[in-house]
1. I want to check the label-to-label distance for S132 and T66. Put each point 7 Å from Cα in the C-beta direction and report it in nm to one decimal.
2. What number in nm² do you get for the range 54-110 if you take the convex hull of its Cα atoms and divide its surface by four?
3. Return the distance in nm (one decimal) between the two label points of a simple spin-label model at R84 and T102, each offset 7 Å from Cα along Cα→Cβ.
Amino acid sequence: MRIMKLVTLAAVAVVAVACDGISPTSPNATVSSDDATALVGTKALESPDVAGCRDIAQVQMQLLRTMADIKVEAVYLKDGLPARCTVAPIWISNPRGRLVPTRDPFVVKVTRTRPPSPVTVTALAPNRVRGSIRVPPGPQG
C-alpha cells in the first residue's frame, strides 16, 4: 500500500514538472501546440511591416551611378507594381565584401577595386525571392 502511494506521488510529480506546475485541467493552463504556434506565426505576418512581403513576385535591381559612387537599388514588385513590403532585403555580393550599407536599406554602395573588377549584387526579399544585377568594372577611383 505504501509503495502504491509512493508511485502515485511520483506520477503526480512527473505530470507537474511536465506542465510547469500548472495542472492540465486548470482554467489558467496554457497549452503549446502546433496550432498555437501557427497562429502566432500568422499574426506576425500580419504586422504592417511584413503584410505585403509574402506577395513579392520579383525583386527589380537598378544601377544608380553618380560621379563619385556606384549604388544598387532593390525594388519589390507584385504584378509589375511596387509591393507594400517595407522590410529591407538581405544583400549579397560576389565577390564578397564589396557592399557598403547606405541610409536607405534598399540601396547599397558598391566599392571599387584596383584593378577594376565586376561584381554581382543580389537582394534577397523576406519571402526568399531574389533579384541580381551584374555591376561592370568601373574606372579606377
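1. For the pair S132/T66, the computed spacing is 2.8 nm.
2. Directional mean of the projected Cα hull area for the range 54-110 stands at 4.4 nm².
3. 2.7
Every number here is computed from the coordinates shown, using simple stated rules; none is lab data. This is a predicted model, so every value here is computed, not measured. Cβ sites come from the backbone with ideal geometry, for glycine too, and all protein chains shown count toward neighbours.
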